[in-house]
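Each value in this text was obtained by applying a stated rule to the coordinates, not by laboratory testing. Keep in mind that this is a model prediction, so the values were computed, not measured. As a convention, Cβ positions derive from the backbone with ideal geometry for all residues, glycine included, and neighbour counts pool all protein chains shown.
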Number of protein chains: 2
Amino acid sequence: MRSAVVVGTGLIGTSVALALSSQGVAVHLRDTDRAASLTAASLGAGTVEPPAEMADLAVLAVPPALVGSVLADVQTEGVARYYTDVASVKAGPQQDALALACDTVHYIGGHPLSGAERSGPLAARADLFEQHSWVLTPTADTDTDTLNAALELVSLCGAVPVLMGAAAHDRAVALVSHAPHVVASLVAMQLARAEERSVSLAGPGVRDLTRIAAADPVLWADILGANANAVADLLDELAADLDSAVTGLRAMAATDEAKRCSGARVVERLLRQGTSGRARISAKRGAQPVRYETVAVPISDRPGELARLFADAARAEVNVEDVRLEHSAAQPAGLAQLTVAQGSAAVLEESLRARGWSVR
Amino acid sequence: MRSAVVVGTGLIGTSVALALSSQGVAVHLRDTDRAASLTAASLGAGTVEPPAEMADLAVLAVPPALVGSVLADVQTEGVARYYTDVASVKAGPQQDALALACDTVHYIGGHPLSGAERSGPLAARADLFEQHSWVLTPTADTDTDTLNAALELVSLCGAVPVLMGAAAHDRAVALVSHAPHVVASLVAMQLARAEERSVSLAGPGVRDLTRIAAADPVLWADILGANANAVADLLDELAADLDSAVTGLRAMAATDEAKRCSGARVVERLLRQGTSGRARISAKRGAQPVRYETVAVPISDRPGELARLFADAARAEVNVEDVRLEHSAAQPAGLAQLTVAQGSAAVLEESLRARGWSVR
């Protein structure tokens, strides 16, 4: 890819343009808001001059509801050989493109899964997409060269391509992004209504939970509107779960012991399912599975014994991933099991022995 | 305070004990699970030996439902002059203490607002409470010396004391902690049910939102149960808001234009209220209000001009807090407004001038 046209120089468009420019692609910037494209150009994202000849790829970074009509316009102009977009929903734009008789052989839908709380070109970063998933939604119409052009774009942006159908994509982002966004906003709304003294007790839990609620309401109303039914379906499910939670909690507040117990069982089951769901997304992206070894160190009951063991392990410059301590109730001494990455156990053992620990 | 008894050596009890020990207080550790108190002692949190004489303060770090009965027991034993607890709900324990005819002159309820995803003594840290709020709930019975003993505890742990009534406290923590915990768990439950391909698209937004859902379900069922009605009241409100959101979203998916617009208005209003609520808790704790100055730099339309300005500002080692760019559509050149902390503008201006920028 030697040249690209980026239509729409908000956060995502400008970030794509910065990434492509940094890889030597000649990027031409367009925006109906000329100040926005000039800002992107000032950031080094490309030039506001139109390309002298047909570009290799046009990237439409416009709101979901505009993808179809902008695609029809730029294809009529013939600005590029291949076309893609970066809108956060895919079924609607795909239908619009068909309805407007766009060339769907040379167009493929796309959605880079990254963002920032701030919007606009000044929040853009060339590395915004690095290591993030970038969904592409080919159809039966899509030409292989079109897919390859989009794959090259994803690769130039340092992202990881994921191929999906448009409808499956929309359900997936409703699950991992759009419905959670609504939920975060509703929890934040409760904070908006509360008295200052209560709000002052807020800690990192609710702060992290509501972080995404700080995003631009107008932009997000657009995003949600373009995927409204998928989001509403998930929120309906959530409402049913919420109803169970409330019923369980009210039972826990009852005077009747049996009722309290059954309420507790309901609530605990919900929390347990939450724990499993959370475990599915807790692993770091792209983290390699690591194999571990264990070093077992008997410790005495002297106060601070474990603190000293940790300090000595730190001196060995071996990262202790986890610790379990086995104490038998009968005897005060215990056995500390230190988990370290494979290959580090021997180093740690030697270092601890040198400091007077007896290592099993 | 020279001596303390910590009853219950889980995460919170052991962290209190570590903080007190590090400040030179003689800490005596008790737990019905002897292995837990031995582990706490191995960490340097104190000794498992009982105190030779009456301690200054007893800190009950036991589940909310047990505070009353444990308080009755240790007061009968006479282990300390003053008593407090660290349970995350306050009205129930206060009622239990009254019902069990405890000495409420020398007991004051307390709740340090900090925690960790992991539980148990091995997750404990001496600095767990530093800069966090620690609610104390005095009643008309509470003696001033009792309050002062608790204030000394809070101070030794590096926390910030907040005095509230028990019921107000419980409503506040339902708002900022307990109800959000249920919501995070319900969103995480939806991830538990979903197919892997969808879950693989999860990003930092939903990961942050569900972080607290990773906590121990048994411990949290206890916490929620002890504050069940206050939590259920908030979740009932949330259910009503959720219902409005779903109605708004369904309207946004309608074919009728007027209906779509009214749906969009409903959804945007919810998001906007969420943004205001979030803004109430976004400020960093203890952050001082900072005053700012602005440096205005005219920039040309050369590509990358703004990128060069940022690079030159970085060389001046002045932290640029915010940037606004004023472009008039008519002319390609613009005016970059760099916001810096008060006192830094002169340094930045001089440095930029030396690098060839004309600064206004």
Using a label point 7 Å beyond Cα on the Cα-Cβ vector, give me the inter-copy distances for A:Arg353 in nanometres, one decimal, shortest first.
6.9
Taking the Cα centre of chain A as origin, sum charge times position over the Cβ atoms of Lys and Arg (+1) and Asp and Glu (-1), and report the length of that vector in debye to the nearest 20.
1440 debye
Could you tell me how many degrees, from 0 to 90 and to the nearest 10, lie between the Cα long axis of helix B:144-156 and the main elongation axis, the longest principal axis, of the Cα atoms of chain B?
50 degrees
For chain A, longest principal axis from Cα atoms; helix A:228-252 axis from its Cα atoms; angle between them, nearest 10 degrees, is 20 degrees
Modelled label-to-label distance, A:Ala99 and B:Ser300, 7 Å Cα→beta-carbon offset: nm?
4.8 nm
What residue among A:Gln95, A:Leu29, A:Leu325 has its Cα farthest toward the positive end of the dipole of chain A, where the charges are +1 on Lys, Arg and -1 on Asp, Glu, each on the Cβ?
A:Leu325
Considering the zone a paramagnetic label at A:Arg34 would reach in this model (a point 7 Å from Cα along the Cα-to-Cβ line), which residues of the stretch A:117-157 have amide N under 19 Å from it?
A:121
Please check: in the Gaussian network model of chain A (C-alpha springs, under 10 Å), which one of A:Ala221, A:Ala202, A:Ala159 has the largest mean-square fluctuation.
A:Ala202
Tensor-based shape of the stretch B:3-164 (alpha-carbon gyration tensor, a/c under 1.5 rounded, otherwise prolate or oblate)
rounded
Can you tally the net charge around A:Asp103? Count Lys and Arg as +1, Asp and Glu as -1, for every other residue whose Cβ sits under 11 Å from the Cβ of A:Asp103.
-1
Net charge (Lys, Arg +1; Asp, Glu -1) of residues whose beta-carbon lies under 14 Å from that of B:Gly165, B:Gly165 excluded, is 0
As a percent rounded to 5, the proportion of antiparallel DSSP bridges among beta bridges in the protein assembly as shown is 50 percent
Please report the antiparallel percentage of DSSP beta bridges with both residues in chain B, rounded to the nearest 5.
50 percent
Within the stretch B:217-245, what residues put their amide N at less than 18 Å from the label point 7 Å along the Cα-to-Cβ vector of B:Ala167?
B:226-234
For n ≥ 4 DSSP H runs only, could you compute -39500 (n - 2.57) per run for chain B, divide by its residues and tell me the 222 nm figure to the nearest 500?
-14500 deg cm²/dmol
Once the convex hull of the alpha carbons of the protein assembly as shown is built, what does its volume come to per residue, in cubic angstrom?
191 Å³
Would you mind listing the distances between the B:Gly78 label point and the same position in each other copy? Use 7 Å along Cα-to-C-beta, nm, one decimal, shortest first.
10.2
Quick calc, the protein assembly as shown, dipole around Cα centre from Cβ unit charges on Lys, Arg (+) and Asp, Glu (-), nearest 20 debye, gives 560 debye
On the first, second and third principal axes, largest extent first, how far apart are the outermost C-alpha atoms of chain B in Å?
84, 60, 44
Spin-label pair A:Ala239/B:Ser244, simplified geometry with 7 Å Cα→Cβ offset, distance in nm:
1.4 nm
Using a Förster distance of 45 angstrom, determine the FRET efficiency expected from the C-beta separation of A:Glu326 and B:Glu196, and round it to 0.05.
0.80
Taking only Cα atoms and a 10 Å spring cutoff, compute GNM fluctuations for chain B and point out the largest among B:Ala253, B:Ala124, B:Ala149.
B:Ala253
Note down the magnitude of the dipole of the stretch B:170-280 about its Cα centre, charges +1 on Lys and Arg C-beta and -1 on Asp and Glu C-beta and zero elsewhere, to the nearest 20 debye.
480 debye
Going by alpha carbons, how many degrees (0 to 90, nearest 10) lie between the helix axis of B:217-226 and the longest principal axis of chain B?
80 degrees
In a Gaussian network model over chain A where Cα atoms closer than 10 Å are linked, find which of A:Gly110, A:Gly203, A:Gly225 has the largest mean-square fluctuation.
A:Gly203
Which order do B:Val187, A:Val218, A:Val323 fall in if you start with the one that has the fewest other Cβ atoms within 10 Å?
A:Val218, A:Val323, B:Val187
At A:Ser155, label 7 Å along Cα→Cβ: distances to the other copies, nm, ascending?
6.6
Order of B:Leu128, B:Leu71 - criterion: other Cβ atoms within 10 Å of each residue's Cβ, fewest first
B:Leu128, B:Leu71
